[in-house]
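The values are calculated or read from the model by the stated rules, or taken from the named source; none is laboratory data. Keep in mind it's a predicted model, so treat the numbers as computed, not measured. All Cβ positions, glycine included, derive from the backbone under ideal geometry; neighbour counts span all protein chains shown.
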C-alpha cells in the first residue's frame with residue numbers, strides 16, 4: 001500500500017472553486033480499482049490549506065491515476081488557484097495490514 005499526502009495551499013478567493021474541483025476528482029478517483037481511499041481534508045484554522053490523502057493498492061496504481069482524464073482536468077483547473085506549488089509526501093502502510101484492505 002502506497003499512501004500519498006498532497007499538501008495544498010489555495011488562494012483565499014479560490015477556496016470554494018478548489019473544493020468543488022477536488023471533490024469531483026476524488027469521486028472519480030475512488031472509482032479506480034487501484035485506489036483504496038481518497039480523502040480531501042481542510043485545515044480547521046486555515047481554510048486555504050488542504051491535504052489530499054491518497055491510498056493506492058500498488059505503486060503502479062499511483063502512476064495510472066496520473067494518466068486519467070479526471071486527474072488531468074483537476075490538475076489543470078486548480079493550478080491557477082494555488083498560492084504555492086503543491087507538495088507530496090509518500091508513505092508505506094504499516095498498519096492495518098495492506099493485504100487485509
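Which of (1) within 17 Å of residue 11 (Cα to Cα); (2) without any contact (Cβ under 8 Å) to a residue 12 or more places away in the chain; (3) touching a strand residue (DSSP E or B) at 6+ places or on another chain (Cβ under 9 Å) is the odd one out, the single condition residue 44 does not satisfy?
Among (1) within 17 Å of residue 11 (Cα to Cα); (2) without any contact (Cβ under 8 Å) to a residue 12 or more places away in the chain; (3) touching a strand residue (DSSP E or B) at 6+ places or on another chain (Cβ under 9 Å), residue 44 violates only (3).
Considering every residue within the stretch 50-60, establish whether at least one is free of Cβ contacts under 8 Å to residues at least 40 places away in the same chain, under 19 Å from residue 3 (Cα atoms) and in a strand (DSSP E or B).
Within the stretch 50-60, the subset free of Cβ contacts under 8 Å to residues at least 40 places away in the same chain is 60.
Narrowing further to those that are under 19 Å from residue 3 (Cα atoms): 60.
Checking the rest, the ones that are also in a strand (DSSP E or B) come to none.
Looking through the stretch 50-60, none of the residues is free of Cβ contacts under 8 Å to residues at least 40 places away in the same chain, under 19 Å from residue 3 (Cα atoms) and in a strand (DSSP E or B).
Could you check residue 37 against (1) in contact with a strand residue (DSSP E or B) (Cβ under 7 Å, 6 or more places away or on another chain); (2) in a loop (DSSP other than H, G, I, E, B) and say which number it fails?
Checking residue 37 against (1) in contact with a strand residue (DSSP E or B) (Cβ under 7 Å, 6 or more places away or on another chain); (2) in a loop (DSSP other than H, G, I, E, B), the one that fails is (2).
Select from the stretch 73-101 the residues that are assigned to a loop (DSSP other than H, G, I, E, B) and either at pLDDT below 95 or touching a helix residue (DSSP H, G or I) at 6+ places or on another chain (Cβ under 9 Å) (or both) and write down the one among them that is surrounded by the fewest Cβ atoms within 10 Å (Cβ to Cβ). Even if it seems obvious, please write down each step before you answer.
Here is the first cut: in the stretch 73-101, the ones assigned to a loop (DSSP other than H, G, I, E, B) are 83-86, 93-97, 101.
From what is left, the residues that are either at pLDDT below 95 or touching a helix residue (DSSP H, G or I) at 6+ places or on another chain (Cβ under 9 Å) (or both) are 83, 86, 93-97, 101.
Numbers: 83: 12, 86: 15, 93: 15, 94: 9, 95: 6, 96: 9, 97: 9, 101: 11.
The qualifying residue surrounded by the fewest Cβ atoms within 10 Å (Cβ to Cβ) is 95.
So in the stretch 61-72, with the set limited to residues that are free of Cβ contacts under 8 Å to residues at least 12 places away in the same chain and in a helix (DSSP H, G or I), which one is surrounded by the fewest Cβ atoms within 10 Å (Cβ to Cβ)?
First, pick out the residues of the stretch 61-72 that are free of Cβ contacts under 8 Å to residues at least 12 places away in the same chain: 63, 66-67, 69, 72.
Then drop every residue that is not in a helix (DSSP H, G or I), which leaves 63, 69, 72.
On the way: 63: 11, 69: 8, 72: 12.
This residue is 69.
Quick check on the stretch 13-29: of everything there that is without any contact (Cβ under 8 Å) to a residue 40 or more places away in the chain and surrounded by 13 or more Cβ atoms within 10 Å (Cβ to Cβ), which residue is farthest from residue 72 (Cα to Cα)? Quick ask: steps written out before the conclusion?
As a first pass, look at the stretch 13-29 and keep what is without any contact (Cβ under 8 Å) to a residue 40 or more places away in the chain: 13, 15-16, 19-20, 23, 26-27.
Those still in the list that are surrounded by 13 or more Cβ atoms within 10 Å (Cβ to Cβ) too: 15, 19, 26.
Values: 15: 19, 19: 16, 26: 13 Å.
Per the stated criteria, the residue is 15.
Looking only at the stretch 16-31, how many residues end up being part of a loop (DSSP other than H, G, I, E, B) and more than 13 Å from the chain's Cα centre (by Cα)? Don't jump to the end; show me each part of the working.
We begin by selecting, within the stretch 16-31, every residue part of a loop (DSSP other than H, G, I, E, B); these are 30-31.
Going one step further and asking which of them are more than 13 Å from the chain's Cα centre (by Cα), we end up with 31.
The qualifying residues number 1.
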